[in-house]
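Okay, structure first, notes after.
The values are calculated or read from the model by the stated rules, or taken from the named source; none is laboratory data. What you see is a predicted model; the values in this text were computed from it and never measured. Positions of Cβ are backbone-derived with ideal geometry, glycine not excepted, and every protein chain shown enters the neighbour counts. Calculation scope for accessible area: heavy atoms of the full protein, side chains included, ligands and nucleic acids excluded. Shrake-Rupley method; radii C 1.70, N 1.55, O 1.52, S 1.80 Å.
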Amino acid sequence: MKPRKPITVLLAEDHEIVRQGLRLLLDAEPDLEVVGEAQTGRQAVELALKLRPSVVVMDIAMPRLNGLEATRQIRAGFPAARVLILSAHSDDEYIRQVILLGAAGYLIKQTSADLLAKAIREVEKGNTFFSPSIAHRVHDLHPPSPDGRAAVKKGKTVLSSREAEVLQLIAEGKANKQVAAELGISIKTVEKHRQHLMSKLDLHDTAGLTRYAIAAGIIESHVQVTIL
């Protein structure tokens, strides 16, 4: 009988020591193979579309592009992708968002190596998998829409993929010129996005946009420390 090919895994985690530890743990499993590592959300999208791994293990708090938006872009460009969130956050809102974005599972970082390996195997099969501590809450949250795109609560402001990217970079303290270079767009376009974000979110300055980004889980509070 021909041996089964290993389950290929892409690790998306910005902390190198954590990422190295995860790789060592997963490489010790004979049926799992880490084929790539991403330090930013943008790199995770690029590698997922290039390598087409069986499973993407994704942190939420990622620089340049957070894990939620990275998941959305991966799912849009590679619908067959099985994204497994591995995060320190266990808030209902984070869980709800990743379900709506089409993620296949959600584990908290206190998870054991055995449980992570089991989760990867389960989501690769087409199943969903959640940490035991949050699994009982999943049924009370909104299910994903048929096309895997995010649904939203009534009255909640919806940001486009580009708006979310611009907002994160602004909240990380990037100037318009830096945002433009990062996204490959003109400074004038960045300024338009900034003004549109302020109007859409009813905010009036960069500090307000940053506070919104933190509250929405787009960045963590320690990323930007110059909030006024």
Worksheet item: For Arg162, all conditions in the list (1) surrounded by fewer than 17 Cβ atoms within 10 Å (Cβ to Cβ); (2) over 23 Å from Thr71 (Cα atoms); (3) in contact (Cβ under 8 Å) with a residue 24 or more places away in the chain hold save one; what is the number of the exception?
Response: (2)
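For region 87-123, which positions are open to solvent by 20 Å² or more (accessible area, probe 1.4 Å) and among the charged types (D, E, K, R)? Even if it seems obvious, please write down each step before you answer.
Taking region 87-123 and keeping what is open to solvent by 20 Å² or more (accessible area, probe 1.4 Å), we get 88-94, 97, 108-115, 118, 121-122.
Across region 87-123, the qualifying residues are Asp91, Asp92, Glu93, Lys109, Asp114, Lys118, Arg121, Glu122.
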Worksheet item: Any idea how many residues of region 64-84 are open to solvent by less than 30 Å² (accessible area, probe 1.4 Å) and basic (Lys, Arg)?
Response: 0
Worksheet entry | When residues of region 23-63 are limited to those that are surrounded by fewer than 23 Cβ atoms within 10 Å (Cβ to Cβ) and among the small types (Gly, Ala, Ser), the one modelled with the lowest pLDDT | Ala61
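If I filter region 11-18 for residues that are surrounded by fewer than 24 Cβ atoms within 10 Å (Cβ to Cβ), out of contact with any helix residue (DSSP H, G or I) (no Cβ under 8 Å at 6 or more places or on another chain) and closer than 21 Å to Gly126 by Cβ, do I get at least one hit?
Our first condition is that a residue be surrounded by fewer than 24 Cβ atoms within 10 Å (Cβ to Cβ); within region 11-18, this holds for 14-18.
Pick out the ones that are also out of contact with any helix residue (DSSP H, G or I) (no Cβ under 8 Å at 6 or more places or on another chain) and you get 14-18.
Imposing the further condition that a residue be closer than 21 Å to Gly126 by Cβ reduces the set to none.
Within region 11-18, none of the residues are surrounded by fewer than 24 Cβ atoms within 10 Å (Cβ to Cβ), out of contact with any helix residue (DSSP H, G or I) (no Cβ under 8 Å at 6 or more places or on another chain) and closer than 21 Å to Gly126 by Cβ.
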Worksheet item: Pick from Arg4, Arg75, Arg19: which is closer than 17 Å to Gln110 by Cα and of a type in the set (Lys, Arg)?
Response: Arg19
Fill in: Residue that is among the acidic types (Asp, Glu), modelled with pLDDT under 90 and under 14 Å from Arg42 (Cβ atoms), where the choices are Glu163, Glu172
Glu172
Worksheet item: Just one of the numbered conditions (1) more than 23 Å from Arg75 (Cβ to Cβ); (2) at pLDDT below 90; (3) assigned to a helix (DSSP H, G or I) is not true of Ile134; which one?
Response: (1)
Worksheet entry | Residue pairs meeting the criteria (Cβ under 7 Å; at least 6 apart or on separate chains; first within 13 Å of Ala164 (Cβ to Cβ) and free of Cβ contacts under 8 Å to residues at least 24 places away in the same chain, in region 177-197; second in a helix (DSSP H, G or I) and among the small types (Gly, Ala, Ser)) | none
Worksheet entry | Top-ranked residue of region 171-219 - restricted to ones that are hydroxyl-bearing (Ser, Thr, Tyr) and in a helix (DSSP H, G or I), ranked as least open to solvent (accessible area, probe 1.4 Å) | Thr210
Discussion item. All but one of (1) closer than 20 Å to Arg75 by Cβ; (2) modelled with pLDDT of 90 or more; (3) touching a strand residue (DSSP E or B) at 6+ places or on another chain (Cβ under 7 Å); (4) open to solvent by less than 60 Å² (accessible area, probe 1.4 Å) hold for Thr128; state the number of the condition that does not hold.
Written reply: (4)
